[in-house]
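Below you'll find the structure, written out as structure tokens, and then a few comments.
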Amino acid sequence: MSASLPSDPRRRLPAVEALLAEPDVAALLGSHPRSVVVRAVRETIDAARANGGAAPPEGWGAAVLARAHQLAAPALGPVINATGVVLHTNLGRAPLAPAAIAALRRIAGEYSNLEYDLAQGSRGSRHRLCRDLLVELTGAEDALVVNNAAGALLLALSALARDGEAIVSRGELVEIGGAFRIPDIMARSGAKLVEVGATNRTHRKDYEGAIGPATRLLLKVHRSNFQVTGFTADLAPLEIAAIARAARVASLFDLGSGLLLDLSPWGLTGEPTVAEGLASGVDTVAFSGDKLLGGPQAGILLGTKTAIEACRTDPLARAVRSDKFTLAALEATLALYRDPERARGEIPVLRMLTEDVEQIRRRAETLHNGVGKDSEVVAGDSEVGGGSFPGAKLKTWLVALTADKLTADSVAARLRRANPPVIARIADDRVVLDPRTIFPHQIEQVARAVRAALDA
């Protein structure tokens, strides 16, 4: 027996060509490619069929229009981060400084000297870009920029330990974002992993006892996204470097976040700075160009001329090289560090992490006044995020919302449907908004989105 009886409403659904001929649908062809409009029509009809054949309540033309706009809209778009997590990986981590944004605009629409030597009039190397600036800021002998921090680690392991052994403490075999693990990266590099010590305690004798003819590298990994407390012991990078030198093997320190400024005056401690990493005497340090540095996603390698040259000439260097946009934005970000106070004021991540809590309270009051009686200002905590300063809490002021007829999940969902979407967090069954990560010019936008979301 047929699944559709003669009286089945699905048999009366319009044909694709019939809908395309409707005036309001045909008008879409003037602003959208035909393929998008046809797909919107087909999906609108399919949705009606799945709904038992009922026509869209808003009408066919309006439904097709909404679907066409949805299909044509960019998949990647801006959102407002009201979570209070400064380095929110799911929300793109570090927002760029105005200088970096200007650099992207300057490079994006025109040709550039990415791999062209203007003085010689011949082919140049993109690896020279940012190199001198990194050397100037850090005192390293040499520097190399690649596409991300995992790529930097992969390249360094390949260049310094391929076909040999790389020794690392069991307590440092961390998993980074996206379920990528240090042992997996090491395996792909061609280096053989040699684990030493225990999860919570690793001693000098563990490293020295594991060194043999096949050893090429000692690896130190900063545990940036978790803490081990209690009965613990590990070696400082300075000791790792000394053991490696005595054994005449290379040493590599994976710093993680790439902190160029000391943030301890603002209560943020425990994260090694790039200067401290280099001062340890290891051959190479690797870290991220976004996160605490506040630039674009990139991986940075600093170290001795010998080690960095080995990385630069390794076959993997081309596979993980940076593009012109990364290099332009990173160069502009690094240039701000020539004046630390300017860097702290203009790089959004640094500004958010060091902002006076009273300024945050004033923005919270402004947001509260914009929302109205369905909100209140309460004390709370922000987070650094991005696997940096694990466990650290930053005092802040939150705007907590009250919605008698809606659940917190419903309010949060409505805020995500705003334009632009507002991403909040839920605490104690209430939606809370943290002005630390809301830019000042976004306060009124957030207030409007909240008022609309609470309008049950």
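Computed from the coordinates by the stated procedures, all read-outs in this text should not be read as laboratory data. Note that the structure is a prediction, hence the values are computed from the model and not measured. Using ideal geometry, Cβ is built from the backbone for each residue, glycine included, and neighbour counts are taken over all protein chains shown.
Remarks
- Set of lysines with alpha-carbon distance to residue 192 below 30 Å, sequence-local pairs under 8 removed: 205, 220, 291, 305
- Relative contact order of region 14-72, pairs being alpha-carbon contacts under 8 Å that are 6 or more residues apart, as %: 42
- Modelled spin-label separation between residue 187 and residue 451, with each label point placed 7 Å from Cα along the Cα-to-Cβ direction: 5.6 nm.
- Residues in region 35-67 reached by a label modelled at residue 10 [backbone nitrogen below 14 Å; 7 Å Cα→Cβ]: 45-55
- Ascending count of other beta-carbon atoms within 10 Å, so fewest first, for 168, 384: 384, 168
- Ranked 313, 284, 83, criterion: other C-beta atoms within 10 Å, fewest first: 313, 83, 284
- Shape call, region 14-72: gyration tensor on alpha carbons, a/c limit 1.5: prolate
- For residue 247, the shell of other residues with beta-carbons less than 15 Å away shows a net charge of +1, using +1 for Lys and Arg and -1 for Asp and Glu.
- Qualifying lysines (Cα of each under 16 Å from Cα of residue 405; at least 8 residues distant if same chain): 373
- Beta bridges from DSSP with both residues in the chain: antiparallel share about 55 percent, rounded to the nearest 5.
- Per-residue ³J(HN,Hα) for region 269-284, Karplus 6.51 cos²θ - 1.76 cosθ + 1.60, θ = phi - 60°, Hz, x for Gly and Pro: 10, x, 9, x, 7, 4, 4, 5, x, 5, 5, 5, x, 5, 5, 8
- Label corresponding to Rg and Dmax of the Cα atoms in Å when calculated from the structure given, among (1) 23.9, 79; (2) 23.3, 74; (3) 27.2, 87: (3)
- Exposed loop sites here mean chymotrypsin sites (Phe, Trp or Tyr not before Pro) with a DSSP loop assignment and at most 11 other beta-carbon atoms within 10 Å; the chain contains its longest site-free run at 232-456.
- 14 Å beta-carbon shell around residue 132, net charge (K/R +1, D/E -1): +1
- Region 346-372 and region 117-160 have their alpha-carbon centroids 37 Å apart.
- Note on 434, 262: ascending count of other Cβ atoms within 10 Å places them as 262, 434, the fewest first.
- For the pair residue 341 and residue 51, label points projected 7 Å from Cα toward Cβ lie 6.1 nm apart.
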